[in-house]
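The structure under discussion appears below in the form of structure tokens.
The values are calculated or read from the model by the stated rules, or taken from the named source; none is laboratory data. The shown structure was predicted, so the numbers you read here are calculated from the model rather than taken from an experiment. Cβ atoms come from the backbone with ideal geometry, glycine included; neighbour counts cover every protein chain shown. Only protein heavy atoms, including side chains, enter the accessible area calculation; ligands, DNA and RNA are left aside. Shrake-Rupley method; radii C 1.70, N 1.55, O 1.52, S 1.80 Å.
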Amino acid sequence: MKNLSINKKLMVMLVVPLVALIFFAGVSVSERMSVANEMSELQQLAQMAAMTNNLVHELQRERGLSAGYLASGGAEFSDEVLTQRSATDSALVEFEEMSQELEMDGLGREFRDHFQSASQRLDELSNRRGSISNQQTQTQEAIDYYTELNHALITVVSSVSGALTDAELAHRFSAYVALMLEKEYAGVERATFNSAFAADGFSDDAHYQAAINVVATQEAYNQLFAMSAAVSDQEMVREAIGTAANHHHMRDIAMSRGMAGNFGVDAEDWFQASTNYIDALHAAETNLTNSILDRAEELRQGAQNALYIFLILTILTVIIALGITQWLGRSISNPLTETSTAAQAIAQQLVATASQQSASVSETATAVSQTSTTVDELRQTSQVASERSESVREKSEKSVVASDEALTAISEGMGAMNRIREEVEGIAQNILELSEKNIQIGEIVQSVGAIAEQSNLLAVNASIEAAQAGEHGKGFSVVASEVKALAAQSKEATAQIRSILAEIQKSSNAAVMVTEQGTKRVEESATLIEGLGHTVRGLGESIEDSLDASMQIAATTNQQLTGIEEITVAMSSITQATQENAAGTQQLEDVAREVQTMSKQLEAIVTGNGGGDAPADRAA
């Protein structure tokens, strides 16, 4: 080694790095080719997800029409069902063609198992359609089959997320799956309420409870979508919900009347309004699908470009290294300096890239932590709401008991008022009879007065006759005087009796008027009490409605609480995955800094600032 010239020594020194460069270049090229192939598979999976989503959308429409067809006994939706089946078959053909292009062996066992499960359920579609056409299956059984089939297909789409390595694409895919599930439950809602509107009532409590559950589940997935979706995607979904006022109004009618039925909503109108709402969600879903496909294409193109650039750089580096070996004797320092500078720049880029990835992972961890905190607060709020709804229910039950007692008291008051009215009417009748007796007495007194007047005239005549008779008529004159006195007294007594009868008649008339007024007051009081009874009865019905509503709210709140607990478990899994990503990023940054340190040492050796003296001393 000592006898070799400096050129040969440098050439020997370059052999090992050149071989290592070629080796690592080959490894890097292999890794980038693997990444490029992975991105191509990812793009294919995204396209598969889009085809699956389209098939799910058509199956949702077929489920709603089939439910209406069965609920109406085949009287409605017969033509629409046949038309929709053709549309579903077209989507199924596209799905099967796309699935044949997939290489299942490279997609993982979980994806293959879910895909096989969904395929088995699709194989039953023809037989299920025959049973529906012949009215040989129950409405809820048909709805359950389509729902389980759609869930199996959505699970296939969800399992794709396990193959995702890009954080942004994973977030979009999580929002995409949540939106698919929200739209799926909107489809279940369409079928559930379609059968209810077709029959103008829920078939039983289970049917009504299913309607409550599907509305609550739909809302839970809407919240899950809002947690992971971009702002623009959330705005599209809000616009879709905003255009569904008629749909929400019809649903509120059914939910408010519950098992009482008599909704007064045409099933075809509901189906159209619900379909418009689902189509709006599907439009938002399609936009999100396109953004996922664009991102997958961007990743695939980026991986290919990186591969081509690295190949070109590797080839150029080898060519440059070979060229350097030809003129190392004439130019040693400059090529080494340029190599050192290039290594330093590459190391700095690696450090910067690792730092950026670390910051991105930290931001993701912070966002996940904030989301977990929000979910926990939402869980606590739901618990408080559940407790308060239970308190409202207890108070409503007490109010119902109080209103029943008030109705009983009012009923007793009505009976008492009726008895008072009967007694007052009896008094009035007695007074009227007394008035009639007074009139009869007056007539008798008038006759007595007339008799007294005639007696007085007879007494005067008798006195005249007695005077004419002289002595013989004196005795008769005395009798005539007594008769005249008695007639005067009778006349005076009849006058007094008339006066007394007049007073009695006046009092009787006043008593009649008072009793009539009393009767009117009693009737008015009875009317008021009866009105009060109606009011209390209406209040009791309102309290009972409030009790039913509070029980429904309690049930819905408990369901939401269960959904939030499930979200909490999911967020824990996401947090663990984020922590693992952070650890991997930290390791990448440590390696990049080690490369940077090594490049600085190389620069020191090339420039002779300390690093290059050690080998010289050892050679001496």
Using mean Cβ contacts within 10 Å as the protection proxy, how do 243-254, 178-189 order, highest first? 178-189, 243-254
Note: probe point = Cα of Lys474 + 7 Å toward Cβ; backbone nitrogen < 17 Å; residues of region 434-468 passing the test are 463-468
Enumerate the aspartates and glutamates that Lys398 could reach by cross-link, defined here as Cα to Cα under 14 Å, with residues fewer than 8 away along the same chain left out. Glu390, Glu541, Glu544, Asp545, Asp548
Extension gain, Ser78 back to Glu544 (0.36 nm per residue minus Cα-Cα distance, nm): 163.7 nm
Fully extended, how many nm does the chain gain between Leu458 and Val384 (0.36 nm per residue separation, minus their Cα-Cα distance)? 15.8 nm
Ratio of region 170-235's C-alpha Rg to 2.2 N^0.38 Å, to two decimals? 1.32
Rounded to one decimal in nm, the spacing of the 7 Å Cα→Cβ label points at Asn276 and Glu219 is 2.4
What FRET efficiency do you get for Ser362 and Glu566 if R0 is 25 Å and r is their Cβ-Cβ distance, rounded to the nearest 0.05? 0.40
Can you give the accessible area per residue of region 157-265, in Å², using a 1.4 Å probe? 39
Theoretical FRET efficiency, 1/(1+(r/R0)^6), r = Cβ-Cβ of Glu503 and Glu422, R0 22 Å, to 0.05: 0.15
Note: Glu235 to Ala352 extended length (0.36 nm per residue) minus current alpha-carbon separation gives 38.7 nm
Can you give me the % of accessible surface on region 401-522 that is carbon or sulfur? Probe 1.4 Å, all protein chains present, nothing else counted. 60
Taking region 400-527, the lysine pairs whose C-alpha atoms sit under 30 Å apart (8 or more places apart or on different chains) add up to 7
Taking R0 as 41 Å, what's the FRET efficiency between Met598 and Arg109 from their Cβ-Cβ distance, rounded to 0.05? 0.45
Ordering 422-432, 50-60 by per-residue average of other C-beta atoms within 10 angstrom, highest first, gives 50-60, 422-432
